[in-house]
1. Show me, for region 432-437, the HN-Hα J-couplings you get by feeding each phi into the Karplus relation (A = 6.51, B = -1.76, C = 1.60, θ = phi - 60°), rounded to Hz, glycine and proline as x.
2. Near the amide H of Arg170, under 5 Å away, which other amide H atoms are found, from residues 5 or more places off or on another chain, if H is placed in the peptide plane?
3. Any chance you could check the Cα centroid distance between region 502-526 and region 52-89 for me, in angstrom?
4. With viscosity set to 0.692 mPa s at 37 °C, what whole-number translational diffusion coefficient in µm²/s follows for the chain from Stokes-Einstein and a Kirkwood radius over Cα pairs?
5. Separation of region 260-303 and region 104-159 by C-alpha centroid, Å?
6. Expressed in nm², what is the orientationally averaged projection area of the convex hull enclosing the Cα positions of region 419-458?
7. At 7 Å along Cα-to-Cβ for each site, give me the label-to-label distance between Gln157 and Lys259 in nm.
8. Can you return the aspartates and glutamates within cross-link range of Lys414? Criterion is Cα-Cα under 16 Å, with same-chain partners fewer than 8 residues away left out.
Amino acid sequence: MLLAPDDPSNRELVARVHPADWVNPVPQQQYDLVVIGAGTAGLVTAAGAAGLGAKVALIERHWMGGDCLNFGCVPSKAILRSSRVAAEIKAAGEFGIAVPDGVTTDFAQVMERMRRLRAGISVHDSAERFRSLGVDVFLGQARFVDGGQAIEVGDQQLRFKKAAICTGARAAFPDIPGFVKPTVAFFSEKGRPFSEKKATDNSTVPGILTNETLFNLTELPRRLAVIGGGPIGCEMAQCFARLGSHVTIYENSERVLAKDDPDASSIVMAAFRREGIDVRTNTRIEFVQKDASATNIASRHGANERSDAFDAVLVATGRAPNVEGLELEVAGIAYDIQGVTVDDRLRTTNPRVFAAGDICSRYKFTHAADFLARIVIQNALFWGRAKASQLIIPWCTYTSPEVAHVGLLPSHAKAQGIAIDTFTQPLDTVDRAILDGETEGFVKVHVRQGTDQIVGATIVASHAGEMISEVTLAMRNGIGLRGFASTIHPYPTQADALRKIGDQYNKTRLTPWTKRALKFLISLGR
């Protein structure tokens, strides 16, 4: 997992997140908290604990900032922005704007912009910044030793009162003939320098990509296959299609975004097909074979078989926890293919060791890792009793339109025996959406039956990720749909759809008896 190309932006990034001249500090006699992994969960845990006066050590074997900075949220949203600009220019004629020469995409410049912005953001996650916060930063492979009483980095031992495992996850490879699961990168026994086993690592072979290598590209693949129709697969499929690739999505299930509202999935698939993306659902890949000129994918849809050639294949079929090399067994820490086992207070099976982030949570989002880390700080250092189950965690897939969700889906409510009422506001009746030419979407809110208590919501809109926070805030603070109806929203905004949802609920309160009573009261005022 080496960054490419070797340009000033990438050199600036690496100099911050894994400095070549970094010298690990002399360990203190005992730390209040040792944090393994410097992704979002680890960084928040380490910075928060140090800010409260704890003696903290932070260990990272690869690059500080983790997936979010280096291979995830930051680079993906940078190139998504470029692709949206391209799509807007292509649609300019619908708004009376002529673009005589059409759209010319310079993919190399798109990626250079991403690398430059990523390098600039990296200062916040840098080893030097965390040292300045009072955190002892160690670069190297961490492993539990001495019956779990200490953590070893190279030839140094760090003793701790409490520890937190925040090592995150990586791209999972599907069990498909022709794919060889990639090996895991490790440091040398002394913790320096970084080395990597490459012999059977598909992610380092041109043509087979994961999120860890996708952003190394400098040339646009003419033909791109995306295996997996989840959030990462969908975002990157649409992004690369808009930048000029011929994109095909392979998805086992009957729809993309299978964990979201079915109506939302339908809208996204329709948008994809209008943009020329070949969406192949209910399709199983039989095998993958790479030759000198292309990567060939043989697939089956029902009784139909076909073979297609691609210049690149993006594997986006889920995440695998980073548990290798930690010697968790030494510390009596249980784990499985889903990650480290934790209870509701994020304690592992070793009461002195906690975990946060993708290594232990089904919510594999940066914002979820952030708030799980806050629970670890409270519970590990202050005998707190905060629970992960009390968090209300929204998520958003940044396709066009975006799909944002929080709380329960109707299928979840049914499984839990919760009766619900659902209120839906289509965007084609929201003035701002009409004026923006963005009428494809909806706001859908679920409440406990007979009440205005919100239990879940899905929003499909151009900026659904911004709108869902209003619903999350309401759920977190016990504000029901009546609160939306009585809250003045600026006109015209697409968020006014939430106020309209509140009005829909209020209309249900006008029962025949209520109407007769109101009519009587009005008559008294004449």
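Nothing in this text is a laboratory measurement; each read-out follows from the coordinates by a stated rule. Here the structure is a predicted model, which means the values were calculated and not measured. Cβ placement follows ideal geometry from the backbone for every residue including glycine, while neighbour counts extend to all protein chains displayed.
1. Each residue of region 432-437 in turn: 5, 5, 4, 5, 7, x Hz.
2. Result for Arg170 returns Ala320, Asn322.
3. Comparing the Cα centres of region 502-526 and region 52-89, I get a distance of 53 Å.
4. This corresponds to a translational diffusion coefficient of 130 µm²/s.
5. Taking the Cα centre of each part, region 260-303 and region 104-159 sit 35 Å apart.
6. Value for region 419-458: 2.9 nm².
7. 4.0
8. Within the straight-line cut-off, Lys414 pairs with Asp260, Asp261.
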